[in-house]
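Take a look at the structure set out below.
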Amino acid sequence: MSAAIAQAAPGFATANVNIRTGPDIEFPSVGVIPDGEPLSIEGCLRDESWCDVRWDGGRGWVFSEYLAFDDRGRWVPLPDVGPAYFRIPFVTFAARDYWDRYYVGRPWYRDRDRWFAYQVRPRIGWHGPPRGPRRAGWWREGYRAPAGMGPPPMNWRRPDRFDRHDGRFERRDDRRDHRDDRRDDRRDRRDDRFDRR
């Protein structure tokens, strides 16, 4: 995989979307990123049809139009402004390099020879970005949503369940805090036993 040196950009999934082992729907799915989940965008193909993302400790490819950013308080779909706006590099995909870097030991890695030889196809229903300045929504003209998915929302808002004060992140943090508390309690009890001896 080749890329210009750049920082990965934080983004969010705007729907429940598959994360795949390559930029084509034929590649195996690693899982489904839930609507509103934060992720890190490492790079996008030149035609902006797919982006390489990090999510939940893993790596894979996601449709670009289901990725959005908080741009000074407003949610912006990635294709509306383009990767360069967020300093996301353009990258190329080489299955052998990518799989050997991220998927060794995963169940689908045993089928690697098939995917190393696979020819990635241009995405059906996607056309590349226009030259020059962009207007929001340019990519929606003639757009066809991928099979089994609705089109990306026009005015997406991050679901409330991910609010740091009400939602899942807070509960995750709480679980982590409780585990730490239990560890501390066990340590204290062990220390007490040693002190009594």
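The values are calculated or read from the model by the stated rules, or taken from the named source; none is laboratory data. What you see is a predicted model; the values in this text were computed from it and never measured. In this analysis, Cβ positions are derived from the backbone assuming ideal geometry, glycine residues included, and neighbour counts consider all displayed protein chains. All accessible areas refer to the heavy atoms of the entire protein, side chains included, with ligands and DNA or RNA removed. Shrake-Rupley method; radii C 1.70, N 1.55, O 1.52, S 1.80 Å.
A simple count of charges around R114, restricted to other residues whose Cβ falls under 13 Å of its Cβ and scoring Lys, Arg +1 and Asp, Glu -1, yields -1.
For the peptides 17-26, 101-110, the ranking by mean Cβ contacts within 10 Å, running from highest to lowest, is 17-26, 101-110.
For region 41-173, the relative contact order comes to 21 percent (Cα pairs under 8 Å, sequence separation of at least 6). Only loop residues by DSSP count here, and only those with at most 15 other Cβ atoms within 10 Å; note down the trypsin sites (Lys or Arg not before Pro) in region 36-96 that meet that. For trypsin sites (Lys or Arg not before Pro) across region 36-96 that sit outside H, G, I, E and B with at most 15 neighbouring Cβ atoms in 10 Å, the list reads R46, R72, R87.
For A136 and T92, a Förster radius of 35 Å and the Cβ-Cβ distance give a FRET efficiency of 0.80, rounded to the nearest 0.05. Between L67 and T14, L78, the built amide H atoms are under 5 Å apart, and every one of these is 5 or more places off in sequence or on another chain. Each residue of region 64-81 is assigned a 3J(HN,Hα), and the resulting list reads 5, 6, 9, 10, 9, 10, 8, 9, 6, x, 10, 8, 10, x, 3, x, 4, 10 Hz, derived from the Karplus form 6.51 cos²θ - 1.76 cosθ + 1.60 (θ = phi - 60°), x at Gly and Pro.
For region 56-169, with all protein chains in place and a probe radius of 1.4 Å, 48% of the accessible heavy-atom surface sits on carbon or sulfur. Using only Cα atoms, locate the centre of region 32-74 and the centre of region 91-156, then give the distance between them in Å, rounded to an integer. Each part's Cα centre sits 11 Å from the other's.
Each residue of region 1-147 gets 113 Å³ once the volume of the Cα convex hull is shared out per residue. With a Förster radius of 35 Å applied to the C-beta separation of V81 and E26, the computed FRET efficiency comes to 0.75.
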